[in-house]
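Shown next, in structure tokens, is the structure this report addresses.
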Amino acid sequence: MTNKRILIRGAAAVLPSGLARTNILIDSGKIIAVDASSNAAADEIIDASGLVLLPGAIDDQVHFREPGLTHKEDIETGSLGCAAGGITTFLEMPNTNPTTTTCEALRWKYHRAAQVSRVNFGFYVGATEFNIEELQKASTLAPGIKIFIGSSTGDLLVDEQSALERIFAETTLPICAHCEDETTVRANRAALGDELTIHDHSRIRDAQAALIATRRAIDLAQRHQHRFHVLHVSTAAEIPAVAEGGKYITAEVCPHHLFFSTADYDRLGSLIQMNPSVKAPDDALQLWDALTAGKIQVVATDHAPHTLQEKSASYPKSPSGLPAVENCMALFLNQANLGKCDLTQIASWMSDAPARIWGLVGKGRIAVGYDADLVLVDMQREKTIRNSEQLTRSGWSPWAGETLRGWPVRTLVGGETVFRDGHVDKFLRGRAVVCDHARGGFWSTRDGIGL
Ligand code: DOR
């Protein structure tokens, strides 16, 4: 964080009240005025005319692979991708090696991130059948608890009902979960035999598997009156369950479930192998409608890198997961240019909603008193995504070859420019998020951005 005064002049800023051309004054890493004079005294003036200023994105689902799997990614390389992609805060998942299922493992990650991460960070604590005390003690460290109700990459899995009941009953942190029903997935797999192709991934991890587990988790949350966030909704069938889940329930969708479908397997093969799997083209369309209708609150990446070599193994040996932090915001800015959503919605999905769900103090909005975590985007800039230009370690993108219009050009974390015109600063470091779960509270759209 810098003691400098910085004036961002002439940007079209996405404020809680909507889009307005204004001047933003920053002091000591915080926004101190949103309607500053264009002549306000400042140590640095950023001429942002022609650019849009958004609150920095908060990606509440990334897998950065450190410790243990750092040939795929580490906290530093993941954070470089965030900075370039307009993500100023990430919340990272516990399926590393060792898993993040103790307070000691959590403290290790926070310590490591403070040394290497260019953007702000938080780490979830992972649930097992036997670590309830750790989940309780983690309430001052983690933004939330992650449960793999269905198995995915790694061996974290809590499928047993009594263990799930205990976690929802005896912990206080908000819970999020990977919802795919293990029994259904195993039965589908057994029914398909051994001659499998990548198309079978969406038959094994089918819509029914997602729906059963999502309903099961929502039922637990409702009965135990526990805040619960459904990660990566992938099917149209889940939409009513999350939309009508009530005040304890929020949900998110990821770009691969919106922009890819089973129709893309012939073209992209295991590059789009993800858990939950991509579904039918109509699921993707209905997820878009649910997002724009406010039935799903958050867009997150589920950035889950594997090397291209690992991905090239034949299915089912190929691992599930794809990298996305660098390109996610641009994918949505491009959609805004195409008229499918607007900038206020993007700020709500990627900044304001995750900040409110996880109770992130000072995050998610361009408003006085909030942290100066900001991204300047050029809505006219056109760029083709290329594997050779990816900053994250795996060095590829499933969107390679696509030309998008609308890109982040400058990212500020705590008022410091961490990314500018293709380059990430070497020396700046982000900070741990501070969570006030009382502030996160229950979900209400009433005081959201643009509402
Ligand atoms: O496809 C996936 N890969 N889904 C997950 O939930 C985990 C992730 C990973 O860590 O590779």
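The values are calculated or read from the model by the stated rules, or taken from the named source; none is laboratory data. Predicted, not measured: the structure shown is a model, and the values here were computed from it. Cβ atoms come from the backbone with ideal geometry, glycine included; neighbour counts cover every protein chain shown. Only protein heavy atoms, including side chains, enter the accessible area calculation; ligands, DNA and RNA are left aside. Shrake-Rupley method; radii C 1.70, N 1.55, O 1.52, S 1.80 Å.
Among the numbered criteria (1) open to solvent by less than 10 Å² (accessible area, probe 1.4 Å); (2) more than 16 Å from the ligand (Cβ to nearest atom); (3) in a strand (DSSP E or B), which one does GLN61 miss?
Every condition holds for GLN61 apart from (2).
Could you tell me how many of the residues in the stretch 214-241 are out of contact with any His (no Cβ under 8 Å at 6 or more places or on another chain) and part of a helix (DSSP H, G or I)?
14
List pairs: first in the stretch 270-295 and without any contact (Cβ under 8 Å) to a residue 12 or more places away in the chain and farther than 20 Å from HIS178 by Cα, second open to solvent by less than 10 Å² (accessible area, probe 1.4 Å) and outside any loop (DSSP other than H, G, I, E, B), Cβ under 6 Å, 6+ apart or cross-chain?
Once the first residue is without any contact (Cβ under 8 Å) to a residue 12 or more places away in the chain and farther than 20 Å from HIS178 by Cα and sits in the stretch 270-295, no partner that is open to solvent by less than 10 Å² (accessible area, probe 1.4 Å) and outside any loop (DSSP other than H, G, I, E, B) comes close enough.
Out of the residues in the stretch 123-134 that are touching an Asp or Glu at 6+ places or on another chain (Cβ under 8 Å) and over 18 Å from ILE75 (Cα atoms), which is most open to solvent (accessible area, probe 1.4 Å)? Can you show your working first?
Our first condition is that a residue be touching an Asp or Glu at 6+ places or on another chain (Cβ under 8 Å); within the stretch 123-134, this holds for 123-125, 129, 132.
Then keep just the ones that are over 18 Å from ILE75 (Cα atoms); that gives 129, 132.
On the way: GLU129: 80, ILE132: 14 Å².
Once the filter is applied, the top-ranked residue is GLU129.
Among the residues of the stretch 45-53, is any open to solvent by 20 Å² or more (accessible area, probe 1.4 Å), within 25 Å of TRP407 (Cα to Cα), in a strand (DSSP E or B) and at pLDDT 95 or above?
Yes.
Of the residues THR392, THR384, only one is farther than 30 Å from GLY29 by Cα and at pLDDT 95 or above; which? Steps first, please.
Numbers: THR392 fails: farther than 30 Å from GLY29 by Cα.
Testing whether each residue is farther than 30 Å from GLY29 by Cα and at pLDDT 95 or above leaves just THR384.
What pairs can you find where one residue is in the stretch 135-148 and over 20 Å from ILE218 (Cβ atoms) and open to solvent by less than 10 Å² (accessible area, probe 1.4 Å), the other is within 15 Å of the ligand (Cβ to nearest atom) and among the hydroxyl-bearing types (Ser, Thr, Tyr), and their Cβ atoms are less than 6 Å apart, with a gap of 6+ or different chains?
Close Cβ pairs satisfying both conditions: ALA142/TYR124.
Only one of ARG429, ARG410, ARG393, ARG365 is part of a strand (DSSP E or B) and among the basic types (Lys, Arg). Can you tell me which?
Result of the check over ARG429, ARG410, ARG393, ARG365: ARG410.
Would you point out the residue of the stretch 152-170, among those that are free of Cβ contacts under 8 Å to residues at least 40 places away in the same chain and away from the ligand (no atom under 16 Å from the Cβ), that is surrounded by the fewest Cβ atoms within 10 Å (Cβ to Cβ)?
SER162
Filter the stretch 261-298 for residues that are more than 16 Å from the ligand (Cβ to nearest atom) and hydrophobic (A, V, I, L, M, F, W, C) and give the result. Show your work before the answer.
Taking the stretch 261-298 as the starting set, the residues that turn out to be more than 16 Å from the ligand (Cβ to nearest atom) are 263, 266-267, 280-297.
ALA263, ALA280, ALA284, LEU285, LEU287, TRP288, ALA290, LEU291, ALA293, ILE296, listed by residue number.
Given VAL185, VAL242, which one is within 25 Å of SER261 (Cα to Cα) and under 22 Å from the mean Cα position of the chain (by Cα)?
The conditions single out VAL242.
Which residues, taken from the stretch 374-390, are part of a loop (DSSP other than H, G, I, E, B) and either open to solvent by 10 Å² or more (accessible area, probe 1.4 Å) or without any contact (Cβ under 8 Å) to a residue 24 or more places away in the chain (or both)?
If the condition is that a residue be part of a loop (DSSP other than H, G, I, E, B) and either open to solvent by 10 Å² or more (accessible area, probe 1.4 Å) or without any contact (Cβ under 8 Å) to a residue 24 or more places away in the chain (or both), then ARG386, GLN390 are the ones that fit.
Please go through the stretch 391-415 and give me each residue that is open to solvent by 40 Å² or more (accessible area, probe 1.4 Å) and on the phi < 0 side of the Ramachandran plot, ordered by number.
Selection gives LEU391, ARG393, ALA400, GLU402, THR403, ARG405.
Looking at GLN309 and the list (1) over 18 Å from the mean Cα position of the chain (by Cα); (2) within 16 Å of the ligand (Cβ to nearest atom); (3) touching a residue at least 60 places away in the same chain (Cβ under 8 Å), which single condition is not satisfied?
Here GLN309 meets the rest and fails (3).
State whether the residues of the stretch 182-191 include one that is farther than 19 Å from THR235 by Cβ and outside any helix (DSSP H, G or I).
Looking for residues that are farther than 19 Å from THR235 by Cβ and outside any helix (DSSP H, G or I), one finds none in the stretch 182-191, hence no.
I'd like to know if the stretch 111-122 contains one or more residues that are among the aliphatic types (A, V, I, L, M) and surrounded by fewer than 24 Cβ atoms within 10 Å (Cβ to Cβ).
The answer is yes, given that some residue of the stretch 111-122 is among the aliphatic types (A, V, I, L, M) and surrounded by fewer than 24 Cβ atoms within 10 Å (Cβ to Cβ).
Considering each of GLY10, GLY56 in turn, give the residue that is on the phi > 0 side of the Ramachandran plot, out of contact with any Cys (no Cβ under 6 Å at 6 or more places or on another chain) and at pLDDT 95 or above.
That would be GLY10, the only listed residue that is on the phi > 0 side of the Ramachandran plot, out of contact with any Cys (no Cβ under 6 Å at 6 or more places or on another chain) and at pLDDT 95 or above.
Among (1) away from the ligand (no atom under 16 Å from the Cβ); (2) within 19 Å of the chain's Cα centre (by Cα), where does HIS224 come up short?
Checking HIS224 against (1) away from the ligand (no atom under 16 Å from the Cβ); (2) within 19 Å of the chain's Cα centre (by Cα), the one that fails is (2).
Just one of HIS178, HIS199, HIS224 is of a type outside the set (A, V, I, L, M, F, W, C) and open to solvent by less than 10 Å² (accessible area, probe 1.4 Å); which is it?
Result: HIS178 is the single residue among HIS178, HIS199, HIS224 that is of a type outside the set (A, V, I, L, M, F, W, C) and open to solvent by less than 10 Å² (accessible area, probe 1.4 Å).
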